[in-house]
Protein chains: 2
Amino acid sequence: MDAEIIAVGSELLTPFRLDTNSLFLTSKLNSLGIEVRFKTVVGDDPVPLAEAFGTALKRSRLIILTGGLGPTEDDRTREVVSEVLGRPLHENEEIRARIEKRYKRLNREMPPNNLRQALVPEGADWLENNNGTAPGIWMEHDGIIILLLPGPPWELEAMFDSLGMARLACVAGNERIRSRVYKVVGLPESEVDHRIAPLYRPYQNPTTTILACPGAIEVHLRARAASESEGDALLDDLGDKIEMALGDHVFSARGESLEEVVGIYLVMKQQTLAVAESCTGGLLSERLTRIPGSSDFFLGGVVCYSNKLKTKLAGVPADWIEQHGAVSGVVAQAMSEGIRKRAGASLGVGVTGIAGPGGGLVEKPVGLVFIGLSDSRSTTVRQFQFPGTRERIRQWASQMALEMIRRKVRE
Amino acid sequence: MDAEIIAVGSELLTPFRLDTNSLFLTSKLNSLGIEVRFKTVVGDDPVPLAEAFGTALKRSRLIILTGGLGPTEDDRTREVVSEVLGRPLHENEEIRARIEKRYKRLNREMPPNNLRQALVPEGADWLENNNGTAPGIWMEHDGIIILLLPGPPWELEAMFDSLGMARLACVAGNERIRSRVYKVVGLPESEVDHRIAPLYRPYQNPTTTILACPGAIEVHLRARAASESEGDALLDDLGDKIEMALGDHVFSARGESLEEVVGIYLVMKQQTLAVAESCTGGLLSERLTRIPGSSDFFLGGVVCYSNKLKTKLAGVPADWIEQHGAVSGVVAQAMSEGIRKRAGASLGVGVTGIAGPGGGLVEKPVGLVFIGLSDSRSTTVRQFQFPGTRERIRQWASQMALEMIRRKVRE
């Protein structure tokens with residue numbers, strides 16, 4: 001069974017908003033073996049909406065419409081679906097009672113508009129919304145399944161998880177799609193492909209896709225099989241070979257970010273970390289503290305943008321800065337050693353570089369970054385030349401600092 | 001003239017990737033008065049691609065296809081468009097010569113596949129690609145304009161800016177769409193709507209949309225007019241009233257982020273800033289240093305996750321932490337004063353709170369955040385209770401810290 005997702009909302013046709021609900025839905029549908037073949041975005045205007053829905057009826061066996069179920073006159077999904085299918089809307093007593101009760105509980109007067117949400121196309125089922133007023137709708141028409149879901153992600157996700165998945169599981173085939181993502185750091189895309197192409201080429205199933213992300217390469221495998229365990233066995237078969245070929249450049253096979261992997265290792269080895277950042281400006285600390293419970297391994301850090309603060313907060317000798325410049329290997333080293341000692345951490349990291357767009361020189365161009373990593377015995381300093389914008393250089397620098405920590409802690 | 005955008009690429013039908021090219025294209029098309037009515041995503045499979053393109057031919061006068069122009073067998077956009085229109089592909093000598101020259105310059109052997117990129121449908125024009133090998137294609141068919149652009153954003157954007165816009169400007173109508181975004185902080189969405197609904201309701205043109213973002217509300221105005229200046233006059237007319245009604249809660253009317261506005265004010269007033277962060281973990285520093293040239297006003301900061309570092313790096317008296325807890329008004333105050341003095345900055349900020357998901361207590365629940373802001377004369381401390389996930393609480397906390405700085409520096 002193939003699916004089509006139609007996202008309804010005029011804001012999704014502006015330069016300011018993307019339909020992200022389809023990512024959630026695709027992931028869930030894939031787990032039931034359902035592929036998404038088309039995604040369409042239309043505004044709240046009923047004419048293009050009817051056009052898009054009519055087109056979908058001709059080519060898809062499962063159609064999911066998201067958005068346009070609210071109480072205002074802009075919300076037209078319900079009406080358009082009813083008209084295109086020729087199945088008139090009827091007020092549903094139970095929904096009406098629930099909406100009225102909800103308003104009573106909130107002690108607010110119900111705007112009469114809200115009753116539009118109690119309208120259901122003839123012969124359709126409705127799906128309860130525990131996070132808002134607009135119910136979802138499930139209907140079948142000439143062998144096609146049509147599912148209407150509210151637009152706000154928290155409403156859509158809860159409704160689809162609790163009600164949509166169970167109903168779809170009954171009608172979906174027995175096939176399942178299983179997928180796995182290997183995240184790779186420290187190898188360029190061409191080298192990843194060179195190493196693994198001879199391995200994945202003989203396979204039609206799983207399929208393999210290589211995607212480049214900032215600071216990492218992702219290898220996506222997708223397998224179709226009669227069951228989840230059979231699918232996983234197919235993934236293991238090819239996946240193990242790929243992992244072997246890429247070696248310890250693979251930092252994750254279960255979706256973890258690099259900072260999560262680093263955190264897991266640090267906790268496992270009972271080590272702690274402190275960082276001193278210049279050009280990354282707090283990004284490295286920010287990434288490490290995204291992880292719930294990061295206080296178990298992350299003690300803190302300093303963002304020493306000015307030279308004075310490099311000395312004051314990270315203990316970099318002022319004459320080293322004067323002699324070698326703030327962007328230099330010795331300063332990265334001193335930052336990593338200084339912050340380690342001050343914080344009393346097992347490991348210290350220092351990052352200094354030129355993120356641009358200004359400030360570059362011939363001998364020290366934009367993108368030049370030094371990263372120091374020290375423990376109680378020694379300090380390693382690496383020099384990098386990153387390409388791209390200020391944002392990408394900062395992203396790369398934080399990524400390679402995490403990678404240096406990962407390799408150190410794995411030892 | 002209305003447009004339809006078809007994004008081609010199997011990775012865009014997975015849970016891992018979104019079509020973002022359409023945001024760039026929509027913004028450019030709008031500036032020429034062209035509205036996007038439909039966006040479709042299809043995979044590299046020629047059958048659904050032909051279906052989607054055929055559907056577009058029936059309903060749109062301008063069709064832009066992005067992606068699927070590369071050298072591999074997966075790239076089918078060129079072939080499918082040629083087949084659906086019945087306009088066979090011919091090799092273009094000039095493109096062939098350019099591709100060959102490119103490889104020669106790079107001193108690499110050209111894989112024969114690459115010559116597929118020299119194929120152009122009968123009667124079509126090609127658009128030079130200065131950032132890759134796949135040229136774009138411009139063709140007209142039964143009064144419909146069809147534009148094929150390469151998928152990588154840097155190739156697509158450069159090509160569209162240099163060649164696509166000029167050609168479209170010739171065929172687009174004289175109407176222009178102008179838009180403006182007012183960014184609002186410190187008011188809930190309902191209050192924003194309550195204040196401005198009586199102002200925008202009488203207007204059909206511009207149209208008004210209110211969108212909630214993390215830590216801010218955006219008011220989007222769009223005006224259609226016979227010229228840019230007429231459009232801007234329409235925006236000014238309604239926009240001035242809206243700005244008046246929202247007062248100094250509006251921090252930007254030209255697209256700047258809150259951190260950019262803060263940076264502009266600080267430079268203008270020749271003030272400097274240093275920050276001490278606990279629960280935001282570096283996010284506040286990171287946001288401030290996203291701005292090129294932030295070293296002009298941002299001296300640096302500390303991320304003091306552990307209590308020991310709150311004392312050591314930000315000078316918070318250890319007995320204050322013991323007495324009041326690390327998450328308290330007095331600690332936020334001491335952090336802001338301590339970092340200001342150590343960094344020698346005009347302003348100091350201290351942020352301490354519970355980002356969750358763990359660590360909450362009845363008297364100090366997840367989402368509780370204290371922010372201190374100090375200058376040479378005094379310190380202000382505000383207490384917040386933010387809703388949502390760890391990520392949202394951190395985002396809100398950094399946003400309100402920036403807002404406190406903005407209000408202080410505007411004084």
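The values are calculated or read from the model by the stated rules, or taken from the named source; none is laboratory data. Keep in mind that what you see is a predicted model, and the values were worked out from it rather than measured. Please note: Cβ atoms are built from the backbone with ideal geometry, for glycine as well, and neighbour counts cover all protein chains shown.
What to note about this one:
- Only listed residue being in contact with a helix residue (DSSP H, G or I) (Cβ under 9 Å, 6 or more places away or on another chain) and of a type in the set (Asp, Glu), chosen from A:Glu11, A:Glu91: A:Glu91
- Test for B:Glu218: is it within 16 Å of B:His194 (Cα to Cα), of a type in the set (Asp, Glu) and either exposed (fewer than 14 other Cβ atoms within 10 Å of the Cβ) or in contact with a strand residue (DSSP E or B) (Cβ under 7 Å, 6 or more places away or on another chain) (or both): yes
- Scanning region B:353-381 for residues being part of a loop (DSSP other than H, G, I, E, B), farther than 18 Å from B:Cys279 by Cβ and in contact (Cβ under 8 Å) with a residue 24 or more places away in the chain gives a total of 2.
- A:Ser295, sole failed condition from (1) in the same structural domain as A:Arg392 (by TED's automatic domain parsing); (2) at pLDDT 95 or above: (2)
- Residue list for region B:49-91, restricted to those being crowded, with 22+ Cβ neighbours inside 10 Å and either hydroxyl-bearing (Ser, Thr, Tyr) or without any contact (Cβ under 8 Å) to a residue 12 or more places away in the chain (or both): B:Thr55, B:Ser60, B:Thr66, B:Thr77
- Candidates in region A:319-348 are the residues that are surrounded by fewer than 18 Cβ atoms within 10 Å (Cβ to Cβ) and of a type in the set (Asp, Glu); of these, the one that is nearest to the chain's Cα centre (by Cα) is A:Glu322.
- Residues of region A:206-217 that are within 12 Å of chain B (Cβ to nearest Cβ) and closer than 20 Å to A:Ala233 by Cα: A:Thr207, A:Thr208, A:Thr209.
- Filtering region B:39-49 to residues that are more than 7 Å from every other protein chain (Cβ to nearest Cβ) and either more than 18 Å from B:Ser22 (Cα to Cα) or part of a helix (DSSP H, G or I) (or both) leaves B:Asp45, B:Pro46, B:Val47, B:Leu49.
- In the set (1) touching a residue at least 12 places away in the same chain (Cβ under 8 Å); (2) assigned to a helix (DSSP H, G or I); (3) within 14 Å of chain B (Cβ to nearest Cβ); (4) out of contact with any Phe, Trp or Tyr (no Cβ under 9 Å at 6 or more places or on another chain), A:Val36 fails one condition alone, (2).
- Looking across A:Asn205, A:Asn131, one residue alone is touching a Lys or Arg at 6+ places or on another chain (Cβ under 9 Å), part of a loop (DSSP other than H, G, I, E, B) and outside the structural domain of A:Glu403 (by TED's automatic domain parsing). It is A:Asn205.
- Enumeration of residues in region B:292-313 that are small (Gly, Ala, Ser), within 7 Å of chain A (Cβ to nearest Cβ) and over 16 Å from A:Lys341 (Cα atoms): B:Gly293, B:Ser295, B:Gly300, B:Gly301
- Restricting B:Ser60, B:Ser10, B:Ser22 to residues that are more than 25 Å from B:Met110 (Cα to Cα), within 21 Å of the chain's Cα centre (by Cα) and within 11 Å of another protein chain (Cβ to nearest Cβ) narrows the list to B:Ser22.
- Among the candidates A:Glu109, A:Glu175, A:Glu122, A:Glu189, residue that is over 21 Å from A:Thr66 (Cα atoms) and touching a Lys or Arg at 6+ places or on another chain (Cβ under 9 Å): A:Glu175
- The single condition from (1) under 24 Å from the mean Cα position of the chain (by Cα); (2) within 11 Å of chain B (Cβ to nearest Cβ) that A:Leu266 fails is (2).
- Of all residues in region B:212-242, those that are closer than 17 Å to B:Glu256 by Cβ and part of a strand (DSSP E or B) total 7.
- Restricting attention to region A:263-301 and to residues that are without any contact (Cβ under 8 Å) to a residue 40 or more places away in the chain and of a type in the set (Ser, Thr, Tyr), the residue that is farthest from A:Leu402 (Cα to Cα) turns out to be A:Ser295.
- Meets criteria (among the β-branched types (Val, Ile, Thr), buried (at least 24 other Cβ atoms within 10 Å of the Cβ) and facing chain A (nearest Cβ under 7 Å)) for B:Val316: no
Every residue, every condition in (1) closer than 25 Å to A:Leu163 by Cα; (2) within 14 Å of chain B (Cβ to nearest Cβ); (3) within 27 Å of the chain's Cα centre (by Cα); (4) not in a loop (DSSP other than H, G, I, E, B), yes or no:
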{"site": "A:Pro15", "(1), (2), (3), (4)": "no, yes, yes, no"}
{"site": "A:Lys28", "(1), (2), (3), (4)": "yes, yes, yes, yes"}
{"site": "A:Glu51", "(1), (2), (3), (4)": "no, yes, no, yes"}
{"site": "A:Ile99", "(1), (2), (3), (4)": "yes, no, no, yes"}
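- Scope region A:63-89; condition β-branched (Val, Ile, Thr) and touching a Pro at 6+ places or on another chain (Cβ under 7 Å); matching residues: A:Val80, A:Val81
- Output for region B:382-411, where each listed residue is in a loop (DSSP other than H, G, I, E, B) and either aromatic (Phe, Trp, Tyr) or modelled with pLDDT of 95 or more (or both): B:Phe386
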